[in-house]
Amino acid sequence: MTVHSTIPFNCALPVGQEAQYLQEALLSGTSAGDGPFTRRCHDLLSGALGVPRVLLTTSCTHALEMCALLLDLQPGDEVIVPSFTFVSTVNAFVLRGVRPVFADIRPDTLNLDEARLPALRTPKTKAVVPVHYAGVGCEMDAIMALAREQGIAVVEDNAHGLFGRYRGRWLGAFGALATQSFHATKNFSCGEGGALLINDASLIERAEILREKGTDRSKFFRGQVDKYTWVDMGSSYLPSDLLAAVLLAQLEARETIQARRRAIWETYAGNLCGWAASCGARLPIVPEHCEQSYHMFYLLMPSLEVRQAFIAHLRARGVTAVFHYQPLHLSPMGRQFGGRQGDCPVTESVSDRLVRLPLYNTMDEAAVSRVVAAVTEFAG
C-alpha cells in the first residue's frame, strides 16, 4: 500500500475456499436455491448457534419480511422498532400494513432502550424488534421478560451480531425469530444474502413453505409428499447455491475473520482512548456481560459540525470514514406514522455525531496505523 492510496471504509475480499467452492457449485449443475452448499450453510449455522432451524435468504430484508408473514401480522397491528436502524427493519412490517412505533436508544450501547418499552406498548402491539447495534447485545433479559408478560413476539435483527453473545448466549437465539445479513459490509459476506433463524419450532414448517413461493416443495424433496402444490402465501426467498458456496467459505473461516476484526478493534480502542478524552469524543461502550461481534468501530463526536470536519480531515489523509443511520421517525415516511422532532432525543443526537472508522478483516497493520495516525492528528 502506497502512502497516497485511499483506505476504504470496507473491502470484502475472499479469505479461504471461496473460488474453489464457487467453481464446484458452477460445475455441479445444481446452482439454484437449496443446493448442497446452502444445506451445508444451514447445518453449520444451526449447529454453531444451537438454533433449531436456519434458512438462507436472499437478504436480511427478505428474512425480516418472512418474520412479518410468519407472525401473521395484519393491517393495524403495531411493532416496536428502534428509530436508529436501517430502513429494512421497519419496511418488512410496513409492507404488511403494520404501524411502526419508534423507540429511542440507550445512550451507552446505542441499542433499543428497554426501559421505554412499557410506555410504548398498546393493545395493538404484536412484536418488538431489538437491533443488536454494532454487534453488541441488547438487554435481552428485560426485553424477553416484558414480551413473555405481554404476549408479544420478539424478532431479533442481528444483522451486525453473528457470533456475538449476551450473557454467554448467542445473539439470535433469544427471540422466536432472528435475522442475519451477509451483505458485503458484514463480517461474513457473499455480496448479498441473509438468513432466518427460527427458535420457535412451531414456525419451521410454515417458514419453509413461505420461502418456497407458498408451496410444500421442501416436503416433496424430503420424500414426505408425492408432489408439491400451492398451500399458503409466499415468495421466492432462496439465494442461489453459488452465493451459498461463497458464504460457506467465509463461515468456515469465521475464527480467523473474527480474530482479525477483534485485533483491529482493540488497536483502535487502545490507541484512541487518550485522544478521544482530549477532544471530547467517545469510544464504543461494550458492557461486561456482552461479547461483541467486532462488526464496527465508531466514534461519537461532540457535534455535527465537528463530525463533518473530522470526516473531511480523514478524507484529506486518504482515510474513508462514514456516518450511519438517520432517525427513521424524522424521515418523510416516519413522519407519516406520527414521528416528531424530540420523540427520540438520543437517536437524534447520536445520528448527528457518530462516525465509523474503516474495519475489515483483510485490513493490514499499515492501514490500521495510518487510520490511527490520521485520527490522532485531528484536534477538534
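Computed from Cα atoms, the angle from the helix 60-70 axis to the main principal axis of the chain rounds to 40 degrees. The HN-Hα couplings worked out from phi for the range 129-138 by the Karplus form 6.51 cos²θ - 1.76 cosθ + 1.60 (θ = phi - 60°) are 10, x, 10, 7, 5, 6, x, 9, x, 5 Hz, whole numbers, x standing for Gly and Pro.
Per-residue Karplus couplings for the range 262-274, computed as 6.51 cos²θ - 1.76 cosθ + 1.60 with θ equal to phi - 60°, are listed in order as 5, 4, 5, 4, 5, 5, 4, 4, x, 9, 10, 5, x Hz, Gly and Pro entered as x. The amide H of Gly33, built 1.01 Å from its N in the peptide plane, has Asp241 as neighbours under 5 Å, considering only residues 5 or more places off or on other chains. Semi-axes of the equivalent ellipsoid of the range 130-259 are 28, 22, 11 Å, computed as sqrt(5λ) over the eigenvalues of the C-alpha gyration tensor in descending order. Subtracting the Cα-Cα distance of Ala32 and Ala201 from 0.36 nm times their residue separation leaves 58.2 nm of extension gain. Placing R0 at 56 angstrom, the Cβ-Cβ distance between Thr320 and Asp72 gives a FRET efficiency of 0.85 after rounding to 0.05. Treating the Cα atoms of the range 254-376 as identical point scatterers in vacuum, please give the log10 of the normalised Debye intensity I(q)/I(0) at q = 0.13 Å⁻¹, two decimals. Taken in order of the listed q values, log10 I(q)/I(0) reads -0.60. The angle separating the long axis of helix 36-49 from the principal Cα axis of greatest extent in the chain is about 70 degrees. Cross-link partners of Lys227 among aspartates and glutamates, defined as those whose alpha carbon lies under 19 angstrom from its own and excluding same-chain residues fewer than eight positions apart: Asp34, Glu205, Glu208, Glu212, Asp216. Given springs between every Cα pair under 10 Å in a Gaussian network model of the chain, which of Ala312, Ala63, Ala207 has the largest fluctuation? Top of the fluctuation ranking is Ala312. The Cα trace of the chain gives Rg and Dmax of 21.2, 71 Å, the first to one decimal, the second as a whole number. Residues in the range 88-100 carry Karplus couplings, in order, of 4, 4, 8, 4, 4, 8, 4, 4, 8, x, 7, 8, x Hz; the curve used is 6.51 cos²θ - 1.76 cosθ + 1.60 with θ = phi - 60°, and Gly or Pro positions show x.
Expressed to the nearest 5 percent, the antiparallel share of DSSP beta bridges inside the range 18-252 is 50 percent. Taking other C-beta atoms within 10 Å as the exposure proxy, Arg370, Arg217 rank Arg370, Arg217 from fewest upward.
Readers should treat all values here as calculations from the given coordinates under stated rules, not as data from a laboratory. What you see is a predicted model; the values in this text were computed from it and never measured. Cβ atoms come from the backbone with ideal geometry, glycine included; neighbour counts cover every protein chain shown.
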